[in-house]
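The values are calculated or read from the model by the stated rules, or taken from the named source; none is laboratory data. Every value quoted in this text rests on a predicted model; they were computed, and no experiment measured them. Using ideal geometry, Cβ is built from the backbone for each residue, glycine included, and neighbour counts are taken over all protein chains shown. When the accessible area is computed, the model is the full protein with side chains, heavy atoms only, and any ligands, DNA or RNA have been set aside. Shrake-Rupley method; radii C 1.70, N 1.55, O 1.52, S 1.80 Å.
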Amino acid sequence: MMSKKENKAEFMGFEEKHRILVIDDEPSVLELCRELLELEGYEVECANNGPDAVAMAMSTHFDVVLTDINMPGLNGIDLFSEIKIHQEEVLGIVMTGHATLNYAIQALNSGFVGFVLKPFRLEHLLQAIRDALQTKQVLLENHRLKTLIPLFELSKSFMTNVHLPTLLDQIVNTCVLVTKANKVSLMLLDEKTGKLKIAAAVGLSPEIIKDTEVSVGEGISGYVAQTGAPLVLNSNSNTDPNSRFYQLLKRSNIVTAICHPLLSQRQVIGVLNLTKTSKGSQFTRSDLEFVSILAGQAATAIENARLYENLRQSYFNTIVSLNHALEAKDPYTRGHSERVAHYSLMIAQQLGLSQEDCEKIEAGAKLHDIGKIGVPDRVLLKNGRLTKDEFEMIKLHPKIGAAILEPLGIFKDLIPIVKYHHERWDGKGYNEGLKEEEIPFDAAIVAVADTLDAMTSTRPYRKSLDFDSVVNEIGRFKGRQFHPIVADAFLELAQNHKADFLVKDGEASYLWVTKLAMDR
Ligand SMILES: [Fe+2]
């Protein structure tokens with residue numbers, strides 16, 4: 001068990017001072033500006049022409065650009081537009097000796113926020129810079145408020161969504177939306193192996209997602225899992241190449257990174273990694289604040305989803321065991337629900353349904369006949385044709401199944417499958433006589449899978465049909481007994497993956513089902 005964590009954020013290469021880029025073709029102006037502004041505590045870089053300034057802006061983040069207008073090559077207005085391509089949030093101040101109203105209007109229209117007349121007085125220059133930084137602060141606050149909206153939306157979703165993979169995808173997507181990170185990964189700590197594995201990601205290849213495994217203490221994510229404290233890494237032209245993780249960032253072409261632990265009850269359960277590879281755009285303190293709030297909410301939501309899943313799984317296993325016990329009484333139906341679940345999953349995947357829907361349909365199919373528990377054995381196990389009354393008793397099993405699951409609120413998404421798996425597209429099914437689109441789609445999938453298994457198995461009153469005959473029958477009853485889209489999906493599958501459907505009766509099929517369960 002890892003020790004309890006409660007550590008403060010670490011900032012490596014994080015800009016505490018405001019950075020100003022001064023551009024003027026007169027060296028004396030540059031020197032004067034550098035001297036004055038550095039005395040005021042600003043970090044200052046100078047360029048005596050436009051192309052050099054653009055190159056600097058591509059590798060270093062600046063808060064303010066202070067530029068002359070008339071320069072050979074690239075004038076100040078065009079130069080600022082180019083810098084803005086690389087640094088969206090930078091603010092500009094014009095300094096010129098040729099003040100005309102036209103210049104001022106042109107500069108304001110181009111996005112500059114200040115105007116300084118040369119020769120300038122120190123207090124005018126400083127005031128213009130302070131005003132620009134204040135404007136920047138307001139813009140940052142505005143951005144921060146805007147990030148509250150996706151956070152609010154996400155927290156609402158956390159309250160209702162307990163499907164872990166969907167939850168994790170929402171978390172990484174919100175990070176990209178708010179921080180404009182190029183790559184985001186959410187790693188969860190495997191308690192057994194003590195390693196971090198990627199559970200959701202944006203901007204990473206499937207191979208990296210699958211193969212990445214990081215031990216606690218190893219690399220950046222492992223370091224954060226070990227310390228339990230957030231880490232902000234910014235690399236720029238001033239970063240000391242010997243500083244921790246610098247080489248790692250450089251190798252991956254990362255210019256800025258936030259790595260945040262996911263803490264539940266002060267234990268690390270995972271790590272959230274955000275990186276940017278575009279030069280000149282670094283994570284800010286407000287990005288870190290956003291990630292901290294999100295990480296806190298996410299960790300709680302992940303723990304809740306896990307607890308819910310454990311609870312649901314243990315209830316589910318109990319009911320599946322009951323169902324197996326029921327099926328075991330009858331050699332003709334042994335393994336039926338597992339086979340139906342397997343076929344249902346194949347059809348759902350063929351239909352391109354989401355992983356969440358596929359899992360739901362597979363689980364519902366495992367329980368589809370649970371209501372047979374309420375049908376007397378003398379009817380259920382009768383060795384011969386059923387009378388009309390006996391068949392009426394059998395027909396009650398979807399209703400009984402739904403009644404068994406209803407008190408267990410956690411299975412409410414499976415009830416439609418259990419309740420409507422004997423409805424028919426033409427409305428001639430039971431218990432409700434629903435037709436066409438009235439029948440829940442999940443139930444329509446299980447209906448095809450159920451019929452497939454019933455027809456390929458021997459029953460006391462008839463021999464099994466061979467697979468090709470069953471395929472023909474399902475094609476013939478498409479749009480009568482079966483939902484046409486579901487039937488088509490099955491027919492396509494049958495054509496391309498016949499081997500996956502080939503099952504035999506009795507003991508052989510039981511072993512086949514056991515093998516399937518073990519393969520999973
Ligand atoms: Fe059934």
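The number of residues in the range 442-481 that are outside any helix (DSSP H, G or I) and among the aliphatic types (A, V, I, L, M) comes to 1. Residues of the range 406-415 that are crowded, with 18+ Cβ neighbours inside 10 Å and free of Cβ contacts under 8 Å to residues at least 60 places away in the same chain: Leu414, Ile415.
Scanning the range 383-409 for residues that are within 16 Å of the ligand (Cβ to nearest atom) and part of a loop (DSSP other than H, G, I, E, B), we see that the one that is farthest from Ala325 (Cα to Cα) is Leu386.
Residues checked against (1) closer than 23 Å to Pro484 by Cα; (2) open to solvent by 60 Å² or more (accessible area, probe 1.4 Å); (3) outside the structural domain of Pro165 (by TED's automatic domain parsing); (4) part of a loop (DSSP other than H, G, I, E, B):
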position: Met346; (1), (2), (3), (4): yes, no, yes, no
position: Val379; (1), (2), (3), (4): no, no, yes, no
position: Val418; (1), (2), (3), (4): yes, no, yes, no
position: Glu437; (1), (2), (3), (4): yes, yes, yes, no
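Filtering the range 180-211 to residues that are in contact with a helix residue (DSSP H, G or I) (Cβ under 7 Å, 6 or more places away or on another chain) and among the charged types (D, E, K, R) leaves nothing.
Among the conditions (1) open to solvent by less than 50 Å² (accessible area, probe 1.4 Å); (2) modelled with pLDDT of 90 or more, Ala9 misses just one, which is (2). If you go through the range 340-367 and pick out every residue that is in contact with an Asp or Glu (Cβ under 7 Å, 6 or more places away or on another chain) and farther than 10 Å from Ile417 by Cβ, you end up with 7. In the range 38-67, the residues that are in the same structural domain as Ser110 (by TED's automatic domain parsing) and closer than 18 Å to Ile129 by Cβ form Cβ pairs under 7 Å with partners that are in a loop (DSSP other than H, G, I, E, B) and of a type in the set (Lys, Arg), at six or more places apart or across chains, as follows: Gly41/Lys17; Tyr42/Lys17; Glu43/Lys17. For the residues Gln247, Gln282, Gln297, Gln226, the requirement of being out of contact with any Ser or Thr (no Cβ under 9 Å at 6 or more places or on another chain), at pLDDT below 90 and polar (S, T, N, Q) singles out Gln247. The strands (runs of 3 or more DSSP E) located wholly in the range 30-141 that include 1 or more residues which are under 16 Å from Lys17 (Cβ atoms) and charged (D, E, K, R) occupy 43-47. Scanning the range 350-377 for residues that are closer than 29 Å to Lys463 by Cα, away from the ligand (no atom under 13 Å from the Cβ) and open to solvent by less than 60 Å² (accessible area, probe 1.4 Å) yields Ile361, Glu362, Ala363, Pro376.
Taking the criterion of being surrounded by 14 or more Cβ atoms within 10 Å (Cβ to Cβ) and either in the same structural domain as Pro165 (by TED's automatic domain parsing) or closer than 15 Å to His368 by Cα (or both), the residues of the range 310-321 that qualify are Phe316, Ile319, Val320. Considering the conditions (1) in a strand (DSSP E or B); (2) without any contact (Cβ under 8 Å) to a residue 12 or more places away in the chain, Leu189 is excluded by exactly one of them, (2). Only one of the numbered conditions (1) touching a Pro at 6+ places or on another chain (Cβ under 9 Å); (2) open to solvent by 70 Å² or more (accessible area, probe 1.4 Å) is not met by Val178, and that is (2).
Against the test of being open to solvent by 30 Å² or more (accessible area, probe 1.4 Å), in contact (Cβ under 8 Å) with a residue 24 or more places away in the chain and more than 14 Å from the ligand (Cβ to nearest atom), the options Arg480, Arg424, Arg476 yield a single qualifying residue, Arg480. Among the residues of the range 432-447, just one is of a type in the set (Val, Ile, Thr) and either farther than 18 Å from Gly479 by Cβ or within 13 Å of the ligand (Cβ to nearest atom) (or both), namely Val446. Evaluating Ala365 against the criteria (1) under 16 Å from Thr451 (Cβ atoms); (2) within 26 Å of the chain's Cα centre (by Cα) leaves one unmet condition, (2). The sole residue among Lys399, Lys478 that is among the charged types (D, E, K, R) and more than 18 Å from Leu351 (Cβ to Cβ) is Lys399.
Scanning the range 126-163 for residues that are of a type in the set (Ser, Thr, Tyr) and under 27 Å from the mean Cα position of the chain (by Cα), we see that the one that is most open to solvent (accessible area, probe 1.4 Å) is Thr160.
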